[in-house]
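Scroll down for the structure; my scribbles are underneath it.
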Amino acid sequence: MPHCQTLLLTLRQRGYRITPQREMIVEAFAHNAEHVTAEQIFNSVNQRTRYLNIATVYRTLDMLVDEGLAARADLRDGKVIYTTPRHGEHIHLVCRLCGQVIIAEHIFIDSLGSHIFTEYKFSPDLEHISFTGVCADCRQEPGVG
C-alpha cells in the first residue's frame, strides 16, 4: 500500500474526516522524499485545485504531527519543515550566520533524551530536531568565535 494511503487509512481509523483537500495535502506530503514546508505543499496542491488555503495545509500538517505521522523541525527565521517518519531520525544543525543546514546522526542525541527523562521525568520528542549555532566555515571568518 502506498505511504499516502497508509497515512489516510490511519487517520480514518482514528476518527478523522478525510476531505478532498486533506487527501491531496497528505498525498503531496507523503510522496515528497525531502523535507517540505507548508508553502511547498500548498503550491503543489494548488496546481490541482484552487479550493485550498494555506491555513488548511498548516492544520493538516499539525494534525499529522500530533498523531505521530509526521515530524516538524524549526530551522531559523521562522522556517518550519515537515517530514514523514520514513525519513528517519536525524538532527539539523543550522548555522545562524549563513543558514547552512547540516544533517547529523541521531545517535548523539540518545543520551540527552535519557538524561532529560531521568532528571525531569519528561519524554522529549527527539526524532527530528534542530540546533542553531555557527558552522565551521563561519567560525573561520574574522571576528566570529
Practice prompt. Spot the failing condition for LEU97; the list is (1) aliphatic (A, V, I, L, M); (2) closer than 30 Å to GLY15 by Cβ; (3) touching a helix residue (DSSP H, G or I) at 6+ places or on another chain (Cβ under 6 Å), and only one is missed.
Written response: (2)
Discussion item. Condition first: within 30 Å of GLU141 (Cα to Cα), open to solvent by 80 Å² or more (accessible area, probe 1.4 Å) and either in contact with a strand residue (DSSP E or B) (Cβ under 6 Å, 6 or more places away or on another chain) or of a type in the set (Ser, Thr, Tyr) (or both). Now tell me which residues in the range 78-127 satisfy that.
Written reply: ARG96, ILE103
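Okay, residues lined up against (1) under 26 Å from ILE103 (Cα atoms); (2) among the β-branched types (Val, Ile, Thr):
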{"site": "THR10", "(1), (2)": "no, yes"}
{"site": "GLY15", "(1), (2)": "no, no"}
{"site": "GLN21", "(1), (2)": "no, no"}
{"site": "MET24", "(1), (2)": "no, no"}
{"site": "ALA28", "(1), (2)": "yes, no"}
{"site": "VAL36", "(1), (2)": "yes, yes"}
{"site": "GLN40", "(1), (2)": "yes, no"}
{"site": "TYR58", "(1), (2)": "yes, no"}
{"site": "VAL65", "(1), (2)": "yes, yes"}
Worksheet item: Only one of (1) surrounded by fewer than 13 Cβ atoms within 10 Å (Cβ to Cβ); (2) modelled with pLDDT under 95 fails for GLU67. Which number is that?
Response: (1)
Worksheet, complete the sentence: Checked the range 1-47 for anything open to solvent by less than 60 Å² (accessible area, probe 1.4 Å), among the small types (Gly, Ala, Ser) and free of Cβ contacts under 8 Å to residues at least 24 places away in the same chain; matches are ALA28, SER44
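The values are calculated or read from the model by the stated rules, or taken from the named source; none is laboratory data. Everything numeric in this text was worked out from a predicted model, so none of it was measured. Note that we place each Cβ from the backbone using ideal geometry, even for glycine, and neighbour counts take in every protein chain shown. Each accessible area value is taken on the protein alone, full model and side chains, heavy atoms only, with ligands, DNA and RNA left out. Shrake-Rupley method; radii C 1.70, N 1.55, O 1.52, S 1.80 Å.
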